[in-house]
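I have placed the structure first, in the form of structure tokens, so that the comments after it can refer back to it.
Only the coordinates and a few stated rules stand behind these numbers; no lab work does. None of the values given here were measured: they were computed from a predicted structure. Glycine also receives a Cβ, built like all others from the backbone with ideal geometry; neighbour counts cover every protein chain displayed.
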Amino acid sequence: MADPLIACPECDTLQREIPLPRGGHAECCHCGEMLYRSARGGLSHIVALSIAALILFLIANALPIAALDLGAAGYAETTLAGTVAAVRDQGRFLVALMILWTGIVAPALEIGAMVYMTVPLWLGHCPEYLSVAFRIAPMARVWSLMDVFMLAVAVALVKLGDLATVSPGPALWAFGALIVVLTLIGTLFDPREIWLHAEANKAGRMVAEARQ
Amino acid sequence: MTALTAREAGLVACLACHLVSRPAQPRASMRCPRCRAPLHSRKPRALGRTWAFLIAAFILYIPANVLPVMDSNSLFMSSSDTILSGVRYLWKSGSPVTASIIFFASILEPMLKLVGLTALALSVQHCGLRIPARRGAQIYRMIHVVGRWSMTDLFAAGILAALVQSPTLAEITVGPGALAFGLVVVLTMLASLSFDPRCLYDTERADCG
């Protein structure tokens, strides 16, 4: 059998998958949508980036994202979770839930799924719930709005600027680095690679999927 | 150019892992043989779901813009800001860049998204309102990329509420408009996730045939 088939996710046009040069990408012959790219950097790169993302995520959540200095009147700072709690305490339960989901839970699911998938595969095992993690990762990515949250901190600082001395918190550095790492994962990671490694690990050798 | 689609060939592509497979028993609840994701040749009831989320978002768009998203009380003054008055305040107080960002992310962008998705849904349903499929897919892709930034103002209000909460001096609370606004963002995201861009090409192909 020749090269395996692929269908464009945007227009459903059936075409044959061709091998790509390093760093190249394939476009749909009908609508021009990008179909897949060659995996630059192997699995080990993705493992390293995923673990880095996990550490940065923990730092971003543990440290304050912004601090407010009112001189003699007091000092206040807040973390990501503190923001959620403050909004909830004001009785805006659903708004708090939205911030919790897009700012904390969805990014945690995305990063957790990446680590859960890539680390065992890299070590030569096949994680038990690989397919579940594989489906959670892109779903969580859609709802993960960490970059938006970072812009929001900047907006909040500007809005308060003339009222008090506000400073960005140390967590913002972790935030910024995390966004870079997640973007790198997004560009370097080819999800199809997961299955190549999983099949190789299962069979102990590279087995081409029997595709018709 | 006549290109065969997976559906015409009796195949289904998995949206999660991109494996193309031949479904064993059509119509039944199919799962991808590789990643076990539910398989659909087209997203189920795509148009109906898109419309449901869109209409809900259109309705909530009104309170989202009329009700205040942020209330501030201090010793000297107390004010309620809607999204638009917040933008105006930022503009006047000498932060035109931030004002522009918020204007684009909170006012223009949700509106364009609602209009864009409505146009796409109508394009699939009515011949007279047909958008060229390629252009439609471009619009759809753009909606996905910029859609997320609408949440900025809501997050900012949350951060301010967490920072400024000394009842004697100054207090900022998240207003009722924030709930409506957040729901608009979530509903439009759900609407665009429910829409299936492959339908755009299906209708174009049907026109040719």
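What is the calculated FRET efficiency for A:Phe93 to B:Leu129, with r their C-beta to C-beta distance and R₀ = 51 Å, to the nearest 0.05? Mind showing how you got there, number by number?
Values: r = 40 Å, r/R0 = 0.79.
According to the calculation, E is roughly 0.80.
Take the Cα of A:Ala48, step 7 Å along the line toward its Cβ, and report every residue of the range A:180-198 whose backbone nitrogen sits under 18 Å from that point.
A:180-190
For the protein assembly as shown, give the magnitude of the charge dipole about the Cα centre (Cβ charges: +1 Lys/Arg, -1 Asp/Glu; no others), in debye to the nearest 20.
Details: 33 positive and 27 negative charges, 259 e Å.
With Lys and Arg at +1 and Asp and Glu at -1, about 1240 debye.
Using only C-alpha atoms and all pairs of different ones, pull out the Kirkwood radius for chain B in Å with one decimal.
For chain B, the Kirkwood estimate is 19.7 Å.
Compute the angle between helix B:133-147 and the longest alpha-carbon principal axis of chain B, please, reported from 0 to 90 degrees and rounded to the nearest 10.
Approximately 30 degrees, to the nearest 10.
Set the Förster distance to 56 Å, then compute FRET efficiency between B:Phe104 and A:Arg16 from the Cβ-Cβ distance, nearest 0.05. Mind dumping the intermediate values first?
Working: r = 42 Å, r/R0 = 0.75.
Once rounded, the FRET efficiency stands at 0.85.
Can you tell me the 0 to 90 degree angle between the C-alpha axis of helix B:109-125 and the longest principal axis of chain B, rounded to 10?
Result, in degrees: 20.
Where the centroid of each part is defined by its Cα atoms, how far is the range A:56-78 from the range B:34-73 in Å?
Computed from Cα coordinates, the inter-centre distance equals 33 Å.
Within the range A:1-63, report the trypsin sites (Lys or Arg not before Pro) that DSSP leaves as loop and that have at most 15 other Cβ atoms within 10 Å.
Taking the range A:1-63 and a limit of 15 other Cβ atoms within 10 Å, the loop trypsin sites (Lys or Arg not before Pro) found are A:Arg22, A:Arg40.
Assuming R0 = 35 Å, what is the FRET efficiency of B:Val97 and A:Met139, from their Cβ-Cβ distance, to the nearest 0.05?
E between B:Val97 and A:Met139, to the nearest 0.05, is 0.55.
Given labels modelled 7 Å from the Cα in the Cβ direction, how far is it in nm from A:Ala85 to B:Phe58?
Once both label points are built, they end up 4.3 nm from each other.
Which helices, taking whole DSSP H runs in chain A, have alpha carbons extending 18 angstrom or more along the helix axis plus mean Kyte-Doolittle at least 0.0?
Result, helices passing both filters: A:43-62, A:106-122, A:130-143, A:146-160, A:171-188.
How far apart, in nm, are the 7 Å Cα→Cβ label points at A:Asp190 and B:Arg36?
2.6 nm
Looking only at other chains, what is the average number of their beta-carbon atoms within 10 angstrom of each beta-carbon in A:99-110?
2
Using only Cα atoms, tell me the angle between helix B:152-163 and the longest principal axis of chain B; keep it within 0 to 90° and round to the nearest 10.
So the inclination is approximately 40 degrees.
Which whole number gives the average, over all residues in B:6-13, of C-beta atoms from other chains lying within 10 Å of the residue C-beta?
Numbers: counts 9, 3, 3, 5, 0, 6, 2, 7.
That works out to 4 on average.
Hey, which lysines would be in cross-link range of B:Lys113, C-alpha to C-alpha under 29 Å, not counting anything within fewer than 8 residues on its own chain?
A:Lys159, B:Lys43, B:Lys92
Note the direction-averaged projected area, equal to a quarter of the hull surface, for the Cα convex hull of the range B:6-127, in nm².
So the mean shadow area of the Cα hull is 12.4 nm².
Which stretch or stretches of the range A:54-78 have amide N atoms under 15 Å from the point lying 7 Å from A:Ser167's Cα along the Cα→Cβ direction?
Flagged as within label range: A:64-72, A:74-78.
Find how many whole Å separate the alpha carbon centroid of the range A:179-198 from the alpha carbon centroid of the range B:107-182.
Centre-to-centre distance over Cα atoms comes out at 28 Å.
Give the residues of the range A:21-37 whose amide nitrogen is closer than 20 Å to a point set 7 Å from the Cα of B:Val145 in the direction of its Cβ.
The answer is A:24-37, whose backbone nitrogens lie closer than 20 Å to the label point.
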